[in-house]
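Derivation of every value follows stated rules applied to the coordinates shown; laboratory data play no part. If you're wondering where the values come from, they're calculated on a predicted model, not measured in any experiment. As a convention, Cβ positions derive from the backbone with ideal geometry for all residues, glycine included, and neighbour counts pool all protein chains shown.
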Amino acid sequence: MAKLALFGGSPVRNEPYPSWPQGGSGESLWLEKVLAGNRWFAGLQGDDPDALGSLFGERFAALHGARFALPVANGSVAIEIALRALGVKPGDEVIVPSYTFISTATSVLMVGAVPVFADIEFHSYCLDPRDVARRIGPNTRVILPVHLGGQMADMPAMMEAAKQHGLSIVEDCAQAIGSALGGKRAGNWGDLGTFSFQSNKTMTAGEGGLVMTNDPSLAERVVALRAFGRFKGKGGVRSSDLTCQYLSSNYRLSEFQSAVLLGQLERFPEQDARRQANATRLTEGLKEIPGLDHIRVNKSSMKHGYYYYLVRYEPEAYGNLDPARLCDALNAEGIPFVPGDRKPLYRHPVFETRNLSNHLCPHALERYGQAVDLKNPECPVAEEACKSTIILRHQVLLGDTKDMDDIIEALWKVHKNINEILAKEEKE
Ligand SMILES: Cc1ncc(COP(=O)(O)O)c(C=O)c1O
């Protein structure tokens, strides 16, 4: 049996995997266009017709089959703007998954509303519609599913629950650019969808975000909230007609970021196709290894965005090994696995009452430990996922077939040597 690299054996590989972000001549051309002109911002409301931000919005909307795609500063404020466009107010409740990026829930607090954590589904790691149903109460206003790692949440079930209870839906699509379910792209199912173009994302300008909707009146509110709450007056688009009607701040994206995003959008289809093909190859190989599972809804109608390639291991088959220790062994073999989330969102100190004692969320404070138990929301699936999940980031899937085969070889190698790793753990 080949000796693990962790214990001095030869690694499966020494060559690095593709790095991220990637830019090139496309991005440079768009950037030069901005530099050469005298338009470095997208206009008072961020939507001047000849701004690159507007062009990027149109192209991104076309990619997702949506009517309005409105660039904003980042994916976190995109969620805040979407909630505010729906009229969510302090004290309203928003149901969020307990296994996601922190700002899915903190953006709810930032508008004074209360995040109510629900569990995820075992087979998808996305919000569980049955658990959502259990948590709907008189103050619930919005369901906020996250398409985790690019995998679509069960949107038909979410839509049904929202319809039954008169709720709105905001989809957090930060990790799901280009994902789809039943031919309908992410961001098109709910009332609004939000995206992020932060540096790790599959389309990036270092920072950036976007709000998507098919509803013209919501789009009008998003445009206003993006720029100081300014609405256009009856006189049309002349800037002198702008009046501030909502309290808001400046959440516009700069033209430099939109330029980079236009370049990224052009390279997206080719990269997306490569990720899909490599993920399929990986999944074929992974199926053969006992105790390992690729977390994916096995429906041909789902197009995965592959922001993350999520792997769950059977805790018993791997001796309850900590995900970070399993990653150490795989990293030593030259495979850049990273641990998944180490704790459910509600275990972050930010949700402790003492850390919430500020003017932003008095209602959340009032409710903690009362109707909404944020500290102990009982999400066993999320708890379990935190103990047994490892991740490959999307850039790894931009490699070639040999790169994928090396991943499978390293997973087999670690699987066969697992007792050696566990014995060392025990000694330490
Ligand atoms: C699921 C999810 N929601 C929200 C965000 C926030 O986006 P941003 O970092 O652009 O604020 C991110 C990414 O960072 C994310 O992964």
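Arrange the peptides 259-268, 2-11 so that the one whose residues have, on average, the most other Cβ atoms within 10 Å appears first.
Averaged packing, sorted descending, gives the order 259-268, 2-11.
For the chain, compute Rh as the Kirkwood radius over C-alpha pairs and then the Stokes-Einstein diffusion coefficient at 20 °C and 1.002 mPa s; write the answer in µm²/s, rounded to an integer.
Translational D for this selection: 95 µm²/s.
Which entries in the list 89/184; 89/343; 163/184; 3/427; 303/343 go over 22 Å, if you measure between the two C-alpha atoms of each?
Where the Cα-Cα span goes over 22 Å, the pairs concerned are 89/184; 89/343; 303/343.
Looking at the chain, send over the antiparallel percent of its DSSP beta bridges, to the nearest 5. Present the calculation step by step, with values, prior to reporting the outcome.
Numbers: 28 of 43 bridges.
Roughly 65 percent of the beta bridges in the chain run antiparallel, per DSSP.
Once each part is reduced to its C-alpha centroid, what is the distance from region 60-126 to region 331-351 in angstrom?
Centre-to-centre distance over Cα atoms comes out at 21 Å.
Arranged from highest to lowest average of other beta-carbon atoms within 10 Å per residue, in what order do the peptides 19-26, 272-279 appear?
Packing order, densest peptide first, comes out as 272-279, 19-26.
Using a Gaussian network model of the chain whose springs link C-alpha atoms within less than 10 Å, name the residue from 300, 98, 249 with the highest mean-square fluctuation.
Largest GNM mean-square fluctuation: 300.
Please report Rg over Rh for region 25-265, where both radii come from the alpha carbon positions and Rh follows the Kirkwood definition.
With Rh from the inverse mean 1/r over Cα pairs, Rg/Rh is 0.98.
At a threshold of 8 angstrom on Cα-Cα distance, excluding pairs fewer than six apart, so keeping six or more, what relative contact order does the chain reach in percent?
The value is 22 percent.
Rank 124, 108, 88 by how far each Cα sits towards the positive end of the charge dipole of region 88-152 (+1 on Lys, Arg Cβ; -1 on Asp, Glu Cβ) and give me just the farthest.
Working it through, the farthest residue towards the positive pole turns out to be 88.
Mind giving me the FRET efficiency for residue 2 and residue 139? R0 is 60 Å, r the Cβ-Cβ distance, nearest 0.05 is fine.
0.55
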